[in-house]
Amino acid sequence: MDQELVQYLDSRFQSVNRQFQELRGEMTAGLQGLRGETTAGLQGLRGEMTAGLEGLRGEMTEGFQELRDEMTAGLQGLRGEMTEGLQGLRGETSEGLQGLRGEMTAGLEEVKRHSGVLVEGLRHELQLVAEGLAMHIQVQHVQEREYHDRQHQETRALIRSVHDELRQQHDHLRQRVENLEQKRQN
């Protein structure tokens with residue numbers, strides 16, 4: 001029965017250990033995946049913005065060349081509108097990136113909180129296992145001590161019994177020897 005408890009506790013400890021390892025692996029993989037997705041998203045966004053700006057720059061240059069000859073005054077108005085549009089686009093992009101950064105931060109905080117809860121739960125379970133093992137060892141020690149004390153008492157009682165019996169036999173034999181010697185002298 002004690003071996004079964006030790007095996008159970010070993011298997012439970014190994015299960016807790018395995019859960020720690022799986023949680024660590026999941027968290028590492030999740031964070032690496034999130035980092036990779038974020039990096040890829042930002043690089044994609046940068047590429048799209050660069051391509052968009054390059055395309056827009058090319059269109060603007062062509063438009064300026066065509067309009068320069070036709071309307072100098074119109075070009076000034078168009079230049080102002082385009083500047084406002086670029087500033088608006090820059091502001092929207094900045095706001096989008098800030099929103100994305102906030103969402104990512106909130107997601108990471110949620111993962112941290114969840115991981116903390118899991119770790120605390122596992123710590124509690126491990127503490128319970130340790131307390132159970134300590135209690136089992138203490139009970140086992142008391143039981144073994146009681147068993148050895150009983151064995152000692154039983155052995156002492158048996159030795160006393162055998163000693164008393166041998167003393168009686170010895171006294172009986174001494175009496176017989178004395179009786180035989182008295183008969184012989186008579």
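Laboratory data are not the source of any read-out in this text; all were calculated from the coordinates shown. If you're wondering where the values come from, they're calculated on a predicted model, not measured in any experiment. Positions of Cβ are generated from backbone atoms using ideal geometry, with glycine treated the same way; all protein chains shown enter the neighbour counts.
Using only Cα atoms, tell me the angle between helix 2-70 and the longest principal axis of the chain; keep it within 0 to 90° and round to the nearest 10.
That helix lies at roughly 10 degrees to the long axis.
Sorted by packing (mean other beta-carbon atoms within 10 Å per residue), highest first, where do 138-147, 17-26 land?
Numbers: 138-147: 10.3, 17-26: 12.1.
Going from most to least packed, we get 17-26, 138-147.
Among [x] 13.7; [y] 14.2; [z] 17.0, find the value of mean projected area of the Cα convex hull in nm² that was calculated from the structure presented, and write down its label.
Here mean projected area of the Cα convex hull in nm² agrees with entry [z].
Once both axes come from the Cα atoms, what is the angle between helix 72-185 and the longest principal axis of the chain, in degrees from 0 to 90, rounded to 10?
Once rounded, the angle reads 0 degrees.
According to a simple spin-label model (label point 7 Å from Cα along Cα-to-Cβ), what is the distance in nm between R176 and R101?
Label-label distance for R101 and R176, simple model: 11.1 nm.
Along the charge dipole of the chain, which of A130, Q65, N179 sits closest to the positive end, that is, farthest toward it, with unit charges on the beta carbon of Lys, Arg, Asp and Glu (+1, +1, -1, -1)?
N179
For the chain, what does -39500 (n - 2.57) per DSSP helix run (n ≥ 4), summed and divided by total residues, give at 222 nm, in deg cm²/dmol to the nearest 500?
-38000 deg cm²/dmol
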